[in-house]
1. Conditions: (1) in a helix (DSSP H, G or I); (2) closer than 14 Å to Ala100 by Cα; (3) without any contact (Cβ under 8 Å) to a residue 60 or more places away in the chain. Gln138 meets all but one. Number of the miss?
2. Considering (1) within 16 Å of Gln316 (Cα to Cα); (2) of a type in the set (D, E, K, R); (3) without any contact (Cβ under 8 Å) to a residue 24 or more places away in the chain, say which one Lys480 fails and leave the rest.
3. Answer yes if at least one residue in region 247-261 is open to solvent by less than 60 Å² (accessible area, probe 1.4 Å), in a helix (DSSP H, G or I) and without any contact (Cβ under 8 Å) to a residue 40 or more places away in the chain, and no otherwise.
4. Is it fair to say Thr200 is assigned to a loop (DSSP other than H, G, I, E, B) and farther than 20 Å from Asp475 by Cα?
5. Take the residues in region 178-188 that are in contact with a helix residue (DSSP H, G or I) (Cβ under 7 Å, 6 or more places away or on another chain) and surrounded by 17 or more Cβ atoms within 10 Å (Cβ to Cβ); name whichever of them is farthest from Glu162 (Cα to Cα).
6. Please return the ranges of helices (runs of 4 or more DSSP H) entirely within region 431-542 where 3 or more residues are open to solvent by 30 Å² or more (accessible area, probe 1.4 Å), out of contact with any Asp or Glu (no Cβ under 7 Å at 6 or more places or on another chain) and not aromatic (Phe, Trp, Tyr).
7. Are any residues in region 53-75 open to solvent by 10 Å² or more (accessible area, probe 1.4 Å), outside any loop (DSSP other than H, G, I, E, B) and modelled with pLDDT of 95 or more, and if so, which ones?
8. Restricted to region 368-397, and to residues that are in contact with an Asp or Glu (Cβ under 8 Å, 6 or more places away or on another chain) and part of a loop (DSSP other than H, G, I, E, B), which residue is surrounded by the fewest Cβ atoms within 10 Å (Cβ to Cβ)?
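The values are calculated or read from the model by the stated rules, or taken from the named source; none is laboratory data. All figures in this text were calculated on a predicted structure; none of them were measured in a lab. All Cβ positions, even for glycine, are placed from backbone atoms using ideal geometry, and neighbour counts span all protein chains on display. Heads up: the accessible areas ignore ligands, DNA and RNA and are worked out on the full protein's heavy atoms, side chains in. Shrake-Rupley method; radii C 1.70, N 1.55, O 1.52, S 1.80 Å.
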Amino acid sequence: MKKTNWLLLVLALVLSMFLAACSGGGEENTGSEGGEGEGEGNTEEAAGDSEQVLNITDSAEIPTMDASLATDAVAFQFLGSTMDGLYRLGEDAKPEPGIAKDHEVSEDALTWTFNLREDATWTNGDPVTANDFVYAWQRAVNPDTGSEYGPYMMGGVIKNAEAIANGEAPVEDLGVKAVDDYTLEVTLEKPIPYFESLTTFGTFLPLNKKFVEEQGDQYALEADTLTFNGPFKMTEWNHGEGWTLEKNEDYWDAENVKLEKINVKVVKDTATAVNLYETGEIDRAGLSAEFVDQYRSSEEFIVEEEPVLFYLKLNQEANDVLANVNARKAMQMVIDRQSMVDVILNNGSLPAVGDIPKNFVKHPESGEDFREINGDLVEYNVEKAQELWSTAKEELGQDTIELNYLGGDSEVAKNLDAYIKDQLEQLEGLTVNVQSVPFKERLDRDTSMDYEIQNAGWGPDYIDPNTFLNMWVTDGGNNKTGYANEEYDAMIEKANNELAQKPVERFETFLEAEKKLIQEDAVLVPLYQRASAKLVKPYVKGVITNPMGPDYTYKHAYIEGK
């Protein structure tokens, strides 16, 4: 029993708060940099004579700027800042026109026809056409590309995408075609209630075929091997250090883009980030636990709740212990989530009690929140956890157990992982070995299932329960836990096919699926629903916070009164 160890960690954090008061605070470590989401305002009048430069940080390097290969929040953030898809996210997560001016949907909801603007261009001078979407979407599902998100996002959505990804059909059979340069026709596999929302996501961005093929295997590796069609363009990319975006003067809506430049520094250390904020070198800084109380009374302090969940993924194929349902349930029950969010995170985050976040989706008839309906699917009960763990050890014939834990390498991640290690080691005979690695390595090791326990997170790709629950179907592209259950698969299949146009029954099927996933099969160990505590300079205006895709929209941002 090691219940007292985490109290020592808390004491260390409290002491560090006094030490750090002189040196500054820091950035959250979530794989993507924090954001504030002030209202859009009247940018024409408000920007005035202020220098239109935004200086921010991120806690990780961009793993890739290839839209076909991107899988993480950092990449999608800056793809979303430099590229326009058919639509982009605006206020309140409502799609607003991007390359598409508008669209029509057939009566059977299977054919979507998008009418494209004729004034959009790439930074290499080429016009943006329907062919750019056809090429990009075909490339994303082509098995030769090696995309994770192409098959995941398009399979079962765009006609023939799954067959193509499985090598059973040529890419030309994908249900997307250019009727002419400025008319794109998309044929769906079945009615998809959230398809318009999907078109704002990074995997559905267009690509300029000529440019991509000219660059060959150098495409998207450097700023000068990229071409853009969005409000900003990347002009510098110093790997591991930071990158620079500048206003794209050739953007179709350039007159409504006020920022001239966005400078991004990679900063993993909390104290360094707040020190940069205090000296005016950056305009925003995420706060870790030890700095929240120090700055809570500041007018520049804000907290934002996000529909982003963190949990422990348990690789059932890597270790017999993790394949045991009683062991997994014991791990769910032994972690004190409330203390974790109150003391270790201390940033407004909430204990996670399921696989769907709070305030994300509501029942289509009653309007009741999904999380409220299903309630808490995990509990904190150390005594019961020990009983389940004892049963698991008997079933496994093991008295002492050693498990490897894959975590992040930032200050915040290391503190959190130390707490979770200590909580898990309350289970008699369990030793947890923490491996702290960079974000990109963690992504690579998740893809190859080279882990036993992993601290992982997920933000929605579209606003629908399916974005969280569809992940865990057998052999799902982002499953990577070895979980396979025919009953669970059948529920997700039914929700997305038979019930696709029956919103109430579909919603209620998702409710049952979540209970199966978390309560019965204990596939994940829910940890917390992220909130961001941060400092934001009052002169930063117009940044929109998104619940899916890019964390923030900078198209309407501006600096006022600096």
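1. Result: Gln138 passes all but (2).
2. The number of the failed condition is (3).
3. Yes, there is a match, as at least one residue in region 247-261 is open to solvent by less than 60 Å² (accessible area, probe 1.4 Å), in a helix (DSSP H, G or I) and without any contact (Cβ under 8 Å) to a residue 40 or more places away in the chain.
4. Details: assigned to a loop (DSSP other than H, G, I, E, B): yes; farther than 20 Å from Asp475 by Cα: yes.
Taking the combined requirement at face value, the residue satisfies it.
5. Per the criteria, the residue is Tyr182.
6. Numbers: elements: 439-447, 466-469, 486-496, 503-514.
Counting at least 3 such residues, we get 439-447, 486-496, 503-514.
7. Val53, Asn55, listed by residue number.
8. Tyr380
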